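Worksheet for the structure shown next.
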Amino acid sequence: MHLLDHKKKVVKDPRALLAIVEGLRAQGCRIIVTIGSWDMLHVGHVRYLMKAKEEGDVLIVGTDSERAIKLYKKNSMRPMVVQDERMEMLSYLECVDLILLLDDVDEEGRWQYGLIKEIQVDTFIITDDSYPPEQIEEIKQYCGEVKMLPRQAETSTSNLVFRILRDCLAPIITMLKERGLV
């Protein structure tokens with residue numbers, strides 16, 4: 001189901017999302033949710049989202065806020081792409097129906113389940129290394145089903161950042177050192 005043009009896919013208010021979901025559920029739609037940072041959107045992300053969409057009628061993509069990512073990645077340099085641009089990139093994907101910005105982690109970076117508690121999704125999609133087993137059991141309390149997908153590509157944002165630094169920045173630093181500039 002292709003619900004909206006890309007500009008209308010981003011829902012700013014969680015209450016508005018709940019109203020949309022209630023309307024979709026009344027039409028008999030299966031609601032699928034996945035959550036991530038979607039930083040430096042790449043082929044692995046797109047394949048994953050396409051697979052997630054196959055699980056139901058409406059795919060809602062939670063997009064973690066900059067604050068949340070810094071907390072759970074334990075890395076002040078991430079995300080590389082600001083949240084509004086990450087959500088805009090997602091909005092161009094046909095498999096993504098709705099997008100919501102999430103800032104739902106505690107100070108230790110642990111997710112608080114707000115979106116799936118509120119919406120009571122049919123299926124929550126995760127990668128097989130997203131959460132520890134005890135947290136998966138906790139998540140199962142709030143959704144009809146938790147489905148694990150394997151990573152869809154060898155590419156990851158962390159690997160991309162590492163390769164950029166290694167392949168682009170390291171030679172520049174070496175050259176600057178050779179010239180006595182560092």
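The values are calculated or read from the model by the stated rules, or taken from the named source; none is laboratory data. Since we're looking at a predicted model, the values are computed, not measured. Note that we place each Cβ from the backbone using ideal geometry, even for glycine, and neighbour counts take in every protein chain shown.
Which ones in the range 115-129 are in a helix (DSSP H, G or I) and touching a residue at least 60 places away in the same chain (Cβ under 8 Å)? L115, I116, E118, I119 - these are the residues of the range 115-129 that are in a helix (DSSP H, G or I) and touching a residue at least 60 places away in the same chain (Cβ under 8 Å).
For the range 130-182, the set of residues classified as closer than 21 Å to D64 by Cβ, hydrophobic (A, V, I, L, M, F, W, C), in a helix (DSSP H, G or I) and at pLDDT below 85 consists of L160, V161, F162, listed by residue number. Of everything in the range 36-50 that is in contact with a helix residue (DSSP H, G or I) (Cβ under 7 Å, 6 or more places away or on another chain) and hydrophobic (A, V, I, L, M, F, W, C), the residue that is nearest to G144 (Cα to Cα) is W38.
Selection of the range 98-145 for residues being among the β-branched types (V, I, T) and touching a helix residue (DSSP H, G or I) at 6+ places or on another chain (Cβ under 9 Å) yields I99, V105, I116, I119, V121, T123, I125, I126, T127, I139. Residues of the range 1-52 that are in contact (Cβ under 8 Å) with a residue 60 or more places away in the chain, among the hydrophobic types (A, V, I, L, M, F, W, C) and under 22 Å from K117 (Cβ atoms): V10, V11, L17, L18, I20, V21, I31, I32, V33, I35, A52. Suppose we keep only residues that are surrounded by 13 or more Cβ atoms within 10 Å (Cβ to Cβ) and of a type in the set (A, V, I, L, M, F, W, C) within the range 154-163. Which one would you say is nearest to R78 (Cα to Cα)? Ranking the candidates gives V161 first.
Taken over the range 63-103, residues that are closer than 20 Å to K9 by Cα and either in contact (Cβ under 8 Å) with a residue 60 or more places away in the chain or surrounded by fewer than 22 Cβ atoms within 10 Å (Cβ to Cβ) (or both) amount to 24.
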